[in-house]
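Peer 1: Structure provided below as structure tokens; questions to follow.
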Amino acid sequence: MGEIRECFLCGRNGNGDPLERHHIFGGANRKLSEKYGLVVYLCGDRCHRNGEYSAHRNADVAAYLHRYGQEKAMNEQGWSAEQFRDVFGKNYL
Ligand SMILES: [Zn+2]
Ligand SMILES: [Zn+2]
């Protein structure tokens, strides 16, 4: 079966740094991220957890992903920014 996956941030295919699933909105919103499909695949070491520009170590990268995730949710759910905030607790745009 094999849906082809690549890192959302750098486009690598996980060869040598296996891709990991990242919840765009973590913590209390992790379940909501799952519910609304707000997850991306990232190179586990380089882009997800440990790299200088990884989602969990770089505030700018996290903010970029938050904006992407909010826009995705608004498009897919037909939400306004206010409706997004009602669900996720914050407007990231
Ligand atoms: Zn993550
Ligand atoms: Zn990557």
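Read the figures in this text as sums done on the coordinates, not as results from a lab. Being a predicted model, the structure only gives us computed values, none of them experimental. Heads up, the Cβs are rebuilt from the backbone with ideal geometry, glycines too, and the neighbour counts pull from every protein chain shown.
Peer 1: Go through the range 12-30 residue by residue and tally those that are small (G, A, S) and away from ligand 2 (no atom under 13 Å from the Cβ).
Peer 2: Adding up the residues that qualify gives 3.
Peer 1: If you don't mind, another one. May I ask you to say which residue of L38, L42 is within 15 Å of ligand 2 (Cβ to nearest atom), buried (at least 19 other Cβ atoms within 10 Å of the Cβ) and among the hydrophobic types (A, V, I, L, M, F, W, C)?
Peer 2: Criteria check complete, one pass: L42.
Peer 1: Residues of the range 17-55 being within 11 Å of the chain's Cα centre (by Cα), within 14 Å of ligand 1 (Cβ to nearest atom) and either free of Cβ contacts under 8 Å to residues at least 24 places away in the same chain or at positive phi (or both), which ones?
Peer 2: R21, H23, G26, R30, E34, V39
Peer 1: Next up: Checking the structure you have, find out if any residue of the range 48-55 is more than 11 Å from ligand 2 (Cβ to nearest atom) and buried (at least 16 other Cβ atoms within 10 Å of the Cβ).
Peer 2: No, the range 48-55 contains no residue that is more than 11 Å from ligand 2 (Cβ to nearest atom) and buried (at least 16 other Cβ atoms within 10 Å of the Cβ).
Peer 1: Return the residues of the range 57-76 that are touching a residue at least 12 places away in the same chain (Cβ under 8 Å) and within 13 Å of ligand 2 (Cβ to nearest atom); say none if nothing qualifies.
Peer 2: V61, L65
Peer 1: I need a count of the residues in the range 59-93 that are surrounded by 15 or more Cβ atoms within 10 Å (Cβ to Cβ), part of a loop (DSSP other than H, G, I, E, B) and not hydrophobic (A, V, I, L, M, F, W, C).
Peer 2: Residues in the range 59-93 being surrounded by 15 or more Cβ atoms within 10 Å (Cβ to Cβ), part of a loop (DSSP other than H, G, I, E, B) and not hydrophobic (A, V, I, L, M, F, W, C): 1 in total.
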